[in-house]
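Report on one structure; see the data block that follows.
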Amino acid sequence: MPAVENDQLPETSLQIALSDRSMIGTLVGTSIAILTFLLFFLYPRSLSGEVNPDLFQTTITVILAAIFSFGASALYRHMSITSPVKSGPKARLRFRRAELFFSLAFALMLLEPTFVLFTLRLVPVAFIALGLWISYLLLYVYQFKHCNDGRAVQD
């Protein structure tokens, strides 16, 4: 995220927020398509006991959390763009909340295949997917700590 000097949201942050609107829309659409697929193909198998019903419900919960996190991110981005107040602590807080919700939603989207694989009882592949997801989280933490020094990136 670009640096915010004197509590002013820089123009580049607004440009990023504007460009991210279409990406969030695409990701929400993809998430809804995945949810529809899961319900259409796995729900009957869950009822019949072919797949673990608890894992199926966990899988549905993860995709729903991702959808609503993308929605919250979109809301805060929209507020960053349309608010008459584009500087100060409130503007910076809105932009950071948008980034937080986007990061949460993206991490949940990356976790989703792991739950699908566990639900289908493809355990070895599911553990590989889980390992890759944990690697992603470690990379995210590393990037946040070492590239940003725990604060906004300087322009």
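Per-peptide packing, taken as the mean over residues of other Cβ atoms within 10 Å, places 133-142, 90-99 in the sequence 90-99, 133-142 from highest down. Distance between the modelled labels on Tyr43 and Lys90, one decimal in nanometres: 4.2 nm (7 Å Cα→Cβ projection). A simple rule links phi to the HN-Hα coupling: the Karplus curve 6.51 cos²θ - 1.76 cosθ + 1.60 with θ = phi - 60°, which for the stretch 101-115 gives 5, 5, 4, 4, 4, 5, 5, 5, 4, 6, 7, 3, x, 4, 5 Hz, with x for Gly and Pro.
Site pair Thr26 and Ile128 shows an inter-label distance of 2.7 nm when each label is modelled 7 Å from Cα along Cα→Cβ.
No value in this document is a laboratory result; all are computed from the given coordinates. Bear in mind that the values here come from a model prediction, so they are computed numbers and not experimental data. Neighbour counts run over all protein chains shown; Cβ positions are idealised from the backbone, glycine included.
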